[in-house]
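The values are calculated or read from the model by the stated rules, or taken from the named source; none is laboratory data. Only a predicted model underlies this, so the values are computations on that prediction, with no experimental measurement involved. We place every Cβ from the backbone using ideal geometry, glycine too, and count neighbours over all the protein chains shown.
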Amino acid sequence: MEETRAASILDDLYDAHAAVLIGYLAGQLGGDRGKAEDLAQETLLRAWRNAGQLDLARGLARGWLFRVARNLVIDARRAQSARPAEVGVDSGWEPVDVVDETEEMITAMAVRAAVRELSRDHRAVIVHLYLRGFTAVETARALGIPLGTVKSRAHHALRKLRQVLEDRTTVGTPARPSPVGR
């Protein structure tokens, strides 16, 4: 009941004052209509939150809205002055961020290959837990297995993955002498 009253008040305020409020704010913000619309929206949101305190019968709503809007402009200016000045890019010069993702790609390929070496049951648990972001309970429910089985399979699958990945990273190192030849 109270919320429908507040929504009705908001609709009335918007219809009666939004255009003038946006114009006022745009003037205060140097013609920035987008910022003016954002602050008008925030002003009306505050009016909605304080609907019980507004006296629409006496016509004081516009003064209240403009006072809130003015305070929001002041807050926006203070926030802007607290930040360092924005620097424009010289014409003809574009900053280029070169990110070398080679290591990440190699790691991802190695992990994919290692996951393929897991049994189907272990792979299903790993996919649900780590790729889909399921909890252990959700994984158990999705796979139709007990929670303890999910935990056990996850433990064994991770141990197998660690072993496979460690074996692959030692491929480039010299092999240990085989005890058979001794």
Restricting the stretch 109-139 to residues that are part of a loop (DSSP other than H, G, I, E, B) and on the phi < 0 side of the Ramachandran plot, the one modelled with the lowest pLDDT turns out to be R132
Being surrounded by fewer than 16 Cβ atoms within 10 Å (Cβ to Cβ) and basic (K, R) is the filter here, so list the residues in the stretch 13-45 that pass it. R33
Restricted to the stretch 112-136 and to residues being of a type in the set (K, R) and within 30 Å of the chain's Cα centre (by Cα), the residue surrounded by the most Cβ atoms within 10 Å (Cβ to Cβ) is R123
If I filter the stretch 137-145 for residues that are among the charged types (D, E, K, R), assigned by TED's automatic domain parsing to the domain that holds I106 and either farther than 25 Å from A110 by Cα or surrounded by 14 or more Cβ atoms within 10 Å (Cβ to Cβ) (or both), do I get at least one hit? yes
